[in-house]
Each structure stands twice: as structure tokens, then as C-alpha cells.
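S.K.: One structure coming up, written as C-alpha cells, with questions to follow.
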Amino acid sequence: MTKMSVTVDFHYDFGSPNAYFVHRVIPEIALRTGADFNYVPVLLGGVFKATGNQAPMLAFAGVPSKLAYQRKEIERFIARHKLTAFRMNAHFPVNTLQLMRLAVAAEAEGVAPAYIEAMFAGMWEKSLKLDDPAVIAATLAEAGLDGEKLMARAQTHEIKAKLAANTEASVKRGTFGIPTMFVGDEMWFGKDTLRDVEEAIVHAQQSEAEAEPVRELP
């Protein structure tokens with residue numbers, strides 16, 4: 001039986017290592033379930049400002065045991081999914097405003113998948129300083145993308161407004177951090193909820209299948 005189509009909205013920012021982990025595991029889930037993943041670029045700094053949230057390294061700076069546990073959790077996740085290419089970015093935290101505007105521009109130009117892959121790999125595998133325009137330009141060129149065109153479009157009012165609107169809409173849906181995923185109206189936060197997301201996909205597929213009208217044989 002053909003699996004029913006389910007779309008998962010994945011709200012991301014390249015500045016989150018956990019968003020990178022989700023990006024790397026998405027193909028496994030898509031292969032198993034047939035779900036489509038809709039990548040929605042948002043600005044994590046804007047999300048934090050709107051919700052009063054902070055990055056874990058700041059929020060839990062006074063709780064070293066929690067930070068140590070989070071590092072252990074990352075190690076377990078990497079081992080489970082064999083994500084051995086991961087490297088903590090030496091320049092972290094990186095200002096991602098330009099990267100996220102470029103993500104919206106890449107969507108508009110129809111090259112989002114190639115752009116997203118290049119920037120996630122550049123940030124969390126190659127440890128690049130991706131708030132440096134020269135480094136961004138070199139990364140775009142290496143990926144075979146028209147960097148000059150993308151960077152020019154990223155500076156337009158249309159693209160800047162779209163990123164701001166994406167971020168505002170995400171917060172209205174309940175987002176307080178990245179990565180955040182939505183299956184229908186249900187929200188999941190963090191890489192460690194991916195198994196729950198997959199269960200939600202399967203449940204949605206089953207519900208759609210059960211709701212399908214039974215076709216009478218001629």
C-alpha cells in the first residue's frame with residue numbers, strides 16, 4: 001500500500017548544531033516514512049529576542065553538570081547516527097543573519113537544497129567562519145552556486161522582510177528555539193524528539209488512510 005503524503009515543517013538556523021544533526025538524520029526518516037520535509041529558514045537570534053530565551057551555554061552557564069550532560073547527549077547522538085564528520089565550530093557562536101537571508105534568497109532562486117547542504121557542512125563539518133563575507137562567497141563558489149547573485153538578492157527588502165516574517169510566524173506557532181519541527185499543528189523541539197516526530201508521521205499516515213473512503217468494486 002502506498003504511504004500517504006505527510007509534510008513536516010523543519011524550522012532551522014545554521015547557528016544551531018542540533019539543527020545540523022536534524023538535517024543529517026532527516027534523509028533516514030524520509031526514506032522510512034516517505035514524508036516530505038519543508039525547510040523553513042528563521043533567525044534564531046530573533047526567536048530568542050521574541051521569547052526571552054537564551055542559548056544553553058548562557059542559560060545554564062551556572063549549571064556545569066547540565067552542560068556536561070548535554071555534551072554527553074551529543075556524543076550519544078553522533079554515535080547512534082554515525083555522524084563522525086561533525087566538528088564543533090571553532091568560531092562559535094557565529095552571527096547567522098546573512099546566512100539566513102541567503103537561505104531565503106536561495107529558496108527564491110530555486111537552489112535551496114544545495115545552499116542548505118553547503119552551509120550546514122561548512123558550519124559543522126569544516127568549522128568555517130561563516131559570518132565573514134569572503135568565507136561565505138568562497139563556500140558558495142565551492143558549492144557551484146552563483147554567490148554574487150545570491151548575495152545581491154539577500155540584501156533586497158523582499159528577502160529581509162521574508163526572513164522576518166518567517167521568524168515571527170514561527171514564534172506564533174510556539175517556537176522558542178531551534179531546531180523545531182511541526183507535523184500538522186503538533187510541535188516538537190530538539191534533535192532528541194526525532195523519534196517522536198517519526199511516530200507522529202506514521203500516525204498521521206494511518207489516520208489519513210483510515211479516513212479514505214472505501215471504493216466499491218464495479
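The values are calculated or read from the model by the stated rules, or taken from the named source; none is laboratory data. Remember, it's a predicted structure, so these values are computed and weren't measured experimentally. Positions of Cβ are generated from backbone atoms using ideal geometry, with glycine treated the same way; all protein chains shown enter the neighbour counts. Quick note on the areas: whole protein, heavy atoms, side chains included, nothing else; ligands and nucleic acids left out. Shrake-Rupley method; radii C 1.70, N 1.55, O 1.52, S 1.80 Å.
S.K.: How large is the Kirkwood hydrodynamic radius of segment 77-140, in angstrom, based on all distinct alpha carbon pairs?
M.R.: 12.4 Å
S.K.: Which value at 222 nm does the chain reach when only helices count, each DSSP H run of 4 or more adding -39,500 (n - 2.57), with the total divided by all residues and rounded to the nearest 500 deg cm²/dmol? Provide the component values of the computation, followed by the final result.
M.R.: On the way: 10 runs with 126 residues, N = 218.
Rounded to the nearest 500, it is -18000 deg cm²/dmol.
S.K.: Find which of Ser16, Ala90, Val202 sits farthest along the positive direction of the dipole of the chain, computed with +1 on the beta-carbon of Lys and Arg, -1 on that of Asp and Glu, about the Cα centre.
M.R.: It is Ala90, whose Cα lies furthest towards the positive end.
S.K.: Still on this structure: What accessible area, in Å² to the nearest ten, does a 1.4 Å probe give for Phe182?
M.R.: Approximately 0 Å² for this residue.
S.K.: Compute the helix-to-body angle for 64-81: its Cα long axis versus the longest principal axis of the chain, expressed 0 to 90° and rounded to tens.
M.R.: Helix 64-81 sits at roughly 60 degrees to that axis.
S.K.: Which whole number in µm²/s is D for segment 128-198 by Stokes-Einstein, with the Kirkwood Rh taken over Cα pairs at 20 °C and 1.002 mPa s?
M.R.: Once the numbers are plugged in, D ends up at 145 µm²/s.
S.K.: Once ligands and nucleic acids are excluded and a 1.4 Å probe is used, how much of Leu31 is accessible, expressed in Å² to the nearest 10?
M.R.: Accessible area of Leu31: about 150 Å².
S.K.: Nearest 10 degrees is fine. How inclined is helix 194-211 to the longest principal axis of the chain, computing both from alpha carbons?
M.R.: With both axes taken from Cα atoms, the answer is about 30 degrees.
S.K.: Could you give the size of the charge dipole of the chain about its Cα centre, using +1 on the Cβ of each K and R and -1 on the Cβ of each D and E, expressed in debye and rounded to the nearest 20? Each step should come with its number before you reach the end.
M.R.: Values: 23 positive and 27 negative charges, 170 e Å.
Rounded to the nearest 20 debye, it is 820 debye.
S.K.: Here's something else I'd like to know. Using 7 Å Cα-to-Cβ label points, what is the Gln155/Glu75 separation (nm, one decimal)?
M.R.: Label at Gln155, label at Glu75, 4.6 nm between them.
S.K.: Going Cα to Cα from Lys162, which lysines come in below 18 Å? Please leave out same-chain ones fewer than 8 positions away.
M.R.: Lys49, Lys149, Lys172
S.K.: Output the relative contact order of the chain, whole-number percent, from Cα pairs under 8 angstrom with separation of 6+ residues. List each step's numbers first, then the result.
M.R.: Numbers: 270 pairs, mean separation 70.5, N = 218.
Averaging sequence separation for qualifying contacts and normalising by length gives 32 percent for the chain.
S.K.: How many Å³ per residue does the convex hull of the Cα positions in the chain occupy? Provide the component values of the computation, followed by the final result.
M.R.: Values: hull volume 32.4 nm³, N = 218.
Per-residue hull volume (Cα only) is 149 Å³.
S.K.: Just to confirm, what accessible area per residue do you get for segment 70-110 at 1.4 Å probe, in whole Å²?
M.R.: Values: 2310 Å² over 41 residues.
Accessible surface, normalised per residue, equals 56 Å².
S.K.: Rounded to the nearest 10 Å², what accessible area does Ser127 have for a 1.4 Å probe in the complete protein model?
M.R.: Estimated to the nearest 10 Å², Ser127 gives 30 Å².
S.K.: Note the angle between two axes, namely the Cα long axis of helix 112-124 and the longest principal axis of the Cα atoms of the chain, as a number of degrees from 0 to 90, rounded to the nearest 10.
M.R.: 50 degrees
S.K.: How many percent of the accessible area of segment 1-134 is carbon or sulfur, using a 1.4 Å probe? Write down the numbers at each step before the final one.
M.R.: On the way: 3880 of 6620 Å².
Carbon plus sulfur share of accessible area: 59 percent.
S.K.: Can you give the % of DSSP beta bridges in the chain that are antiparallel, to the nearest 5? Each step should come with its number before you reach the end.
M.R.: Numbers: 8 of 14 bridges.
Just about 55 percent of them are antiparallel.
S.K.: Using only Cα atoms, what is the ratio of the radius of gyration of segment 1-85 to 2.2 N^0.38 Å?
M.R.: Values: Rg = 15.8 Å, N = 85, 2.2 N^0.38 = 11.9 Å.
Here the Cα radius of gyration is 1.33 times the empirical estimate.
S.K.: Assuming 0.36 nm per residue, please report the length gained on full extension of the stretch Ser127 to Thr51 beyond their Cα-Cα distance. Intermediate values should be presented prior to the final figure.
M.R.: On the way: separation 76, 0.36 × 76 = 27.36 nm, distance 2.87 nm.
Taking Ser127 through Thr51 to full extension adds about 24.5 nm, to one decimal.
S.K.: Set the Förster distance to 25 Å, then compute FRET efficiency between Asp146 and Met88 from the Cβ-Cβ distance, nearest 0.05. Provide the component values of the computation, followed by the final result.
M.R.: On the way: r = 30 Å, r/R0 = 1.22.
Here the calculated transfer efficiency is 0.25.
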